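Heads up: the structure comes next, in structure tokens.
The values are calculated or read from the model by the stated rules, or taken from the named source; none is laboratory data. In this text the structure is predicted, and so the values were computed from the model without any measurement. Heads up, the Cβs are rebuilt from the backbone with ideal geometry, glycines too, and the neighbour counts pull from every protein chain shown.
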Amino acid sequence: MDTTLPSVGSQAVIDFPALSALVSALRRRGYQVIGPTVRDGAITCDAIEKIEDLPIGWGDEQESGRYRLKKRDDSAVFAYTVGPQGWKRYLHPPELPMFEGKRDGEAFQILRNPPSPPQYAFLGVRACELAAIRLQDRVLIGDRYRDPAYQARREGAFLVAVNCTQAGGTCFCVSMGTGPRVGAGFDLALTELLGAGQHSFVVEVGSKTGAAVLAEVEHRKARKEDVKAAVAAVDAAASQMGRSVDAKEVRDLLFDNFDHPRWDRVAARCLSCANCTLVCPTCFCTTVEDITDITGEHAERWRKWDSCFTDGFSYIHGGSIRLSVKSRYRQWLTHKFAAWVDQFGAHGCVGCGRCITWCPGRIDVTEEIREIRGVASPA
Amino acid sequence: MSSNNKTKPKVAVFKFASCDGCQLSLLDAEDELLAVAGAIDIAYFPEATRTMLKGPYDIGLVEGSITTHHDAERIQQVRRQCTVLVTIGACATAGGIQALRNWADSQEYVRTIYAQPDFIQTLKMSTPIAEHVPVDFELRGCPINKKHLIELISAMLVGRKPNIPTHSLCMKCKRSGNVCITIARGVPCLGPVTQSGCGALCPRFGRGCFGCYGPMESANTAAMTTQLRLLGQSDEEIARAFRSFNAWSWQFRQASEEAERA
């Protein structure tokens, strides 16, 4: 075993059993390891204690409004595509207590602030998800006002990215320029190599902490053929995208088509259930609830995931300003693909396909954009 | 205001056609029961106490639907006695499971079930309280969630808006991290058109939502019907799915009738 500290940017190879050592090394450092596991008919992100918790030999099939777990005929660990919810629920929790207060005469006291969050290590962050985390970084901590809850979770997090070697039926990261090869922002990035009697991972070191963790795991320097095989595997995924979207000038397309008849047609199919926004790895909207107990002596403030598909979301003095489902769907799609560009300098969509797979109304954003483009520009 | 007895609101609980499950949720509020008793003055609650103080009442909690001439008159009196009138549960809010009679011949039921049908005087329809008198707040569910009842009373005591969601049940599933049973397993589920409130109890255990909390704020039942058909449900099954505890809510009523006609 090479005992010198691997350098940032270098590549190494670990064999399948060493994945166990990687999980142990992360746990020894005090990280709560979150990774893929099979639960309730899907591959979800949950606590991982040992590699047996990982979805070894499992894959999935995804289509509009349909997800099915599928047993593979190999022992691949990461040959599944993204599951029902990503890392957002750990970095930007769905229900978060903000503070608790107690009446004190005419004033009030803050009783206790929420405990500090655990330090997470995420195992299996895909390129699209890494791009989504970068977008949420921009929105939640990348400007003058920062969200301390997100910041506390994000800054302590260790990211083990995984290059996709298998794309799914609703994937379109290639169209959005976010994958399948992971970009910047990881501590370690794995590419799974399987076949011809071998099961190993090419590991790219993305940070000093990543290098220190890798040093605790049995590894060898990557050979040229390892790197070549990894590149080929990811290229294969890039050619398997189940969906595509023409992202070119999509901003102008949507801004120019405020009154397109397609909005009415999609509204007829839209359940306004909010699933798309809650599975979206970049949607960040929340609502705040103040609660008092029956004695009126205690109060709590909670922050909860909200959605632009609810009545309450656009409620201002006098009522909700987006009452029709049409206006809500248009708002959501236009924000993702157009207004986001003006606000944050990039599209708000990373092409993970979750909103397509997990929509009970089987609405497909790529189809909606295609329809709007098709009728708007017959060429 | 909590420790000031002068301002304790007088609360009355009235029962109409119902199973009593909703009013029992007030007694079921074990941990909070003493605090509830400390904060409000239970003036009329025949199921819980023999004390029956005369009206008027600050808050009236009304359980059950209107199914008899006598009750149709009684609800008018109840309304007159209550400053704020809150319906609790699917019966009071949507007519309840007994509103299935609205699509049938209730007299035939009477003849089949009762030895002396002549003694039974009943209306042809089971209708929600709001069809008879103005209602200030409707607490949904079959049964209601006791936490909602306490939240509602707590909010009224301090004069704030109660945190009772009106969005889809899906939002609760997603916030809870439940894997969608429709998408991952093809289980028919009314979650997308049903109001949140139960904590997503059924989907959490792999069962489709039965719609106990009634239609959500912007229920698109036509789209729901399309999806149920794609999941292999027959029109008869779809009509039956919409026709349960909240069958007479206009959204579910319309959906079940459309499925029946299809």
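Mind counting the residues in the range B:161-178 that are charged (D, E, K, R) and more than 7 Å from every other protein chain (Cβ to nearest Cβ)?
Result for the range B:161-178: 2.
Going by the conditions given, is B:Glu260 out of contact with any helix residue (DSSP H, G or I) (no Cβ under 6 Å at 6 or more places or on another chain), among the acidic types (Asp, Glu) and in contact (Cβ under 8 Å) with a residue 12 or more places away in the chain?
No.
Need a quick list: strands (runs of 3 or more DSSP E) entirely within the range A:93-141 having at least 3 residues that are within 14 Å of the chain's Cα centre (by Cα) and surrounded by 15 or more Cβ atoms within 10 Å (Cβ to Cβ).
Where strands (runs of 3 or more DSSP E) fall fully within the range A:93-141 and carry at least 3 residues being within 14 Å of the chain's Cα centre (by Cα) and surrounded by 15 or more Cβ atoms within 10 Å (Cβ to Cβ), they are A:120-125.
Here is a list of conditions, (1) at the interface with chain A (Cβ under 10 Å from one of its Cβ atoms); (2) surrounded by 20 or more Cβ atoms within 10 Å (Cβ to Cβ); (3) among the small types (Gly, Ala, Ser), and B:Gly197 meets all of them except one; can you say which number that is?
(1)
Between residues in the range B:33-61 that are in the same structural domain as B:Val84 (by TED's automatic domain parsing) and in a loop (DSSP other than H, G, I, E, B) and residues that are basic (Lys, Arg) and loosely packed, with under 13 Cβ neighbours inside 10 Å, which pairs lie under 7 Å by C-beta distance while being six or more apart or on different chains?
none
Given the criteria touching a residue at least 60 places away in the same chain (Cβ under 8 Å), of a type outside the set (Gly, Ala, Ser), more than 14 Å from chain B (Cβ to nearest Cβ) and surrounded by fewer than 17 Cβ atoms within 10 Å (Cβ to Cβ), does A:Leu22 qualify?
Answer is no for this residue.
Mind checking whether some residue in the range A:50-60 is charged (D, E, K, R) and assigned to a strand (DSSP E or B)?
Checking the range A:50-60: at least one residue is charged (D, E, K, R) and assigned to a strand (DSSP E or B).
From the list A:Cys349, A:Cys359, A:Cys355, A:Cys308, pick out the single residue that is in a helix (DSSP H, G or I) and either hydrophobic (A, V, I, L, M, F, W, C) or under 24 Å from A:His92 (Cα atoms) (or both).
Only one candidate passes the filter, namely A:Cys355.
Filtering the range B:205-262 down to residues that are among the β-branched types (Val, Ile, Thr) and within 14 Å of chain A (Cβ to nearest Cβ), which residue is farthest from the chain's Cα centre (by Cα)?
Selected residue: B:Thr226.
Of all residues being aromatic (Phe, Trp, Tyr) and closer than 16 Å to B:Asn163 by Cα in the range A:304-337, which is nearest to the other protein chains (Cβ to nearest Cβ)? Just the residue, please.
Selected residue: A:Trp305.
Looking only at the range B:162-189, which residues are more than 18 Å from B:Gly89 (Cβ to Cβ), assigned to a loop (DSSP other than H, G, I, E, B) and touching a residue at least 12 places away in the same chain (Cβ under 8 Å)?
B:Asn163, B:His167, B:Asn178, B:Cys180, B:Gly186, B:Val187, B:Pro188, B:Cys189
Condition first: free of Cβ contacts under 8 Å to residues at least 40 places away in the same chain, more than 18 Å from the chain's Cα centre (by Cα) and either more than 14 Å from chain A (Cβ to nearest Cβ) or at negative phi (or both). Can you find one or more residues in the range B:10-24 that meet it?
no
Going residue by residue through the range A:168-185, is there one that turns out to be in contact (Cβ under 8 Å) with a residue 12 or more places away in the chain, surrounded by fewer than 23 Cβ atoms within 10 Å (Cβ to Cβ), hydrophobic (A, V, I, L, M, F, W, C) and in a loop (DSSP other than H, G, I, E, B)?
Within the range A:168-185, one or more residues are in contact (Cβ under 8 Å) with a residue 12 or more places away in the chain, surrounded by fewer than 23 Cβ atoms within 10 Å (Cβ to Cβ), hydrophobic (A, V, I, L, M, F, W, C) and in a loop (DSSP other than H, G, I, E, B).
Keeping to the range A:61-84, report how many residues are part of a loop (DSSP other than H, G, I, E, B) and either away from chain B (no Cβ under 11 Å) or surrounded by 24 or more Cβ atoms within 10 Å (Cβ to Cβ) (or both).
Qualifying residue count, the range A:61-84: 13.
In the range B:76-86, what residues are out of contact with any Pro (no Cβ under 9 Å at 6 or more places or on another chain) and without any contact (Cβ under 8 Å) to a residue 60 or more places away in the chain?
B:Gln76, B:Gln77 - these are the residues of the range B:76-86 that are out of contact with any Pro (no Cβ under 9 Å at 6 or more places or on another chain) and without any contact (Cβ under 8 Å) to a residue 60 or more places away in the chain.
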